[in-house]
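J.: Handing you this structure, nothing more for now.
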Amino acid sequence: MNKAIPRGATRINQRLKQFPRRHLLLASTIAASIMGLMALLPSGDVEAKRNEIPMPIDAFQSQETTTELTGSSTPSQSSPFISNNDTDKSESSIKELEQEAEAKALAKAAYDLEQRLGKWHHVTIKSGDNLSVLFNNQGLNASVVYQVANTPKYGETLARIRPGESLEFRINQEGILTQLRYVKSKLESIFFNREDEGYRAELVTLSPEIRPTYANGTIESSLFLASQKAGLSQNLTMELAGIFGWDIDFVQDIRSGDSFNLLYEEKYLEGEKLGDGNILVASFTNQGQTYTAIRYTDSNGDTDYYTPDGKSMKKAFLRTPVDFTRISSRFNPNRLHPVFKTKRPHRGVDYAAPMNTPIKAAGDGRVQFSGWQNGFGNVVFIQHPNNVVTVYAHANKLAGLKKGQKVRQGQTIAYVGQTGWATGPHLHYEFRVNGVHRNPMTVKLPDAAPIAKSEMASFKKRSELMIARLEKQSETLLATQ
């Protein structure tokens, strides 16, 4: 009986029989190889998981490998898949949040403090104001004034308040003065703080920023106009004239074309100019001759101006006892007297000046006489060393000096007037040596003491530095013109 064979199988077997035997063996071998390779390869699911959870290469790097690549022994903390820009933005956001939190904390602290102590009230002191009135205007009674004014050490300073100064009151909701600030200037104030028993005060001082500043000018008509054009204040102009006042008579010696150069200090606080400081070094050219002065403070703390070789700029006497006046009458033994119209010698120099211009002592000495004499009116006689006497006549008022009282060079001793035999406001100034009248404008004035030998080395260094800086500034200015 014949066995039944499926039709499909018969067809396959019949087709296989048509290929040569070696071809079949080759095909079987290839098929087996392909199946083996497929068994070794991972499935599609495994490959997808590898892509979903990538492992950074540097997670498997050793520390030595990282050091070699980056030049640092500290492994990188940032992910290779986060850009630097993203990191910077993140750090910036954190800083902004921190700053915002800090600002809020400060604002809250300020609010809490204001609630506890009260707000500040600023009052500028005017002419005629006194402590009682100022406190009363703030709703504070006399007992508070008494407590503050009797604060140890600084309370008494409030008795000397001046117009232009200010008081700052801090009064809480209960009407209690919790704090007071007496502002004497932008650099100095006294702070009062309320405690259980009265007030406690402390002095608060601020140090300004000092900026060296250069200025120069050429005189066309007057020192004042040239200084103003150079940007100098009136005080600096007077100081400049005072430094060179022993060598240059600023009344009669100044000529058109004279010039000056100087380095001086300017004081600043928080970017705002407060004023001028000292002149550090200066030169003045008068009628072709140049004078140079250097400011120097010695080991004892004494400060003065000296020439580059250490001589004092000062003389034992001022050449002119009043500032920037005109000479109305010179020393003249044969002068015709303006009042009596007779020939009478004029044994001094008359300096015409506005009423109440300060009159300065020409040198150190003692008051020999201060009072009234008929012809001289209000007059002061000063006795100096080496038998020198100076006379200052026709003053409007005297400075209250007494006989025998010591005076210093430059000290105000009286004020210009027209008392006695005078036809207008002026100072009559005499210079007597051993009782003999000398011409104050031409008499040789002795020098003051020079730099001490023990200070000379230090002074020389200072002098060379200051002169070099002055010359450098001058050359720089010329180069830019």
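J.: Taking the number of other C-beta atoms within 10 Å as the exposure measure, put Asp258, Asp298 in order starting with the fewest.
T.: Asp298, Asp258
J.: With the crude spin-label approximation of a point 7 Å out along Cα→Cβ, what separation in nm comes out for Arg326 versus Asn356?
T.: Placing both labels 7 Å along Cα→Cβ, they lie 2.3 nm apart.
J.: Starting from the 7 Å offset along Cα-to-Cβ, what nm value, one decimal, do you get for the label separation of Gln289 and Thr307?
T.: 1.0
J.: Test of understanding: what is the full-extension gain from Glu156 to Ile467, defined as 0.36 nm times their sequence separation minus their Cα-Cα distance?
T.: Roughly 107.3 nm would be gained on extension.
J.: Please rank Asp247, Asp447, fewest neighbouring Cβ atoms within 10 Å first, as an exposure proxy. Mind dumping the intermediate values first?
T.: Details: Asp247 17, Asp447 12.
Least to most surrounded, the residues fall as Asp447, Asp247.
J.: For the pair Met456 and Lys186, what calculated FRET efficiency results from E = 1/(1 + (r/R0)^6), where r is the Cβ-Cβ distance and R0 = 45 Å, to the nearest 0.05?
T.: 0.70
J.: Which whole-number value in Å³ per residue fits the convex hull of the alpha carbons of the range 117-205?
T.: Measuring per residue, one finds 88 Å³ for the Cα hull of the range 117-205.
J.: Another question about this same structure. What length, rounded to one decimal in nm, is gained on full extension from Leu97 through to Asn136, with 0.36 nm per residue of separation minus their alpha-carbon distance?
T.: Extending this stretch completely gives an extra 9.4 nm.
J.: Would you list Trp421, Trp372, Trp246 from fewest to most Cβ contacts within 10 Å?
T.: Listed from fewest to most nearby Cβ atoms, that is Trp372, Trp421, Trp246.
J.: Let me ask another. Cross-link list Lys360/Lys453; Lys229/Lys472; Lys406/Lys444: which exceed 29 angstrom alpha carbon to alpha carbon?
T.: As for pairs spanning more than 29 Å Cα to Cα, those are Lys360/Lys453.
J.: Suppose R0 equals 45 Å; then what is the FRET efficiency for Leu477 and Asp196 from their Cβ-Cβ distance, rounded to the nearest 0.05?
T.: It comes out at approximately 0.15.
J.: Semi-axes of the equivalent ellipsoid for the range 385-454, please: Cα gyration tensor eigenvalues, times 5, square-rooted, ordered largest first, whole Å.
T.: Result for the range 385-454: semi-axes of 27, 17, 12 Å.
J.: Here's another thing I want to ask about it. May I ask you to compute the full-extension gain from Ser143 to Leu269, defined as 0.36 nm times their residue separation minus their alpha-carbon distance, rounded to one decimal in nm?
T.: Once the chain is fully extended between Ser143 and Leu269, it gains 41.7 nm.
J.: Please report the net charge: other residues with Cβ closer than 15 Å to the Cβ of Ser222, K and R +1, D and E -1.
T.: On the way: positive: Lys229, Arg255, Arg326; negative: Glu220, Asp249, Asp253, Asp258, Asp323.
With Lys, Arg at +1 and Asp, Glu at -1, the neighbours total -2.
J.: How much FRET efficiency would the formula 1/(1 + (r/R0)^6) give for Ser299 and Lys402, where r is the Cβ-Cβ distance and R0 is 25 Å, rounded to 0.05? Kindly include the intermediate steps, with their values, before the conclusion.
T.: Details: r = 36 Å, r/R0 = 1.42.
With R0 = 25 Å, the Cβ-Cβ based efficiency is 0.10.
Since every read-out is calculated from the coordinates, none of them should be taken as a lab result. The structure presented is a predicted model; accordingly, all values stated were derived computationally and were not measured. FYI the Cβ positions are ideal-geometry reconstructions off the backbone, even for glycines, and counts take in every protein chain you see.
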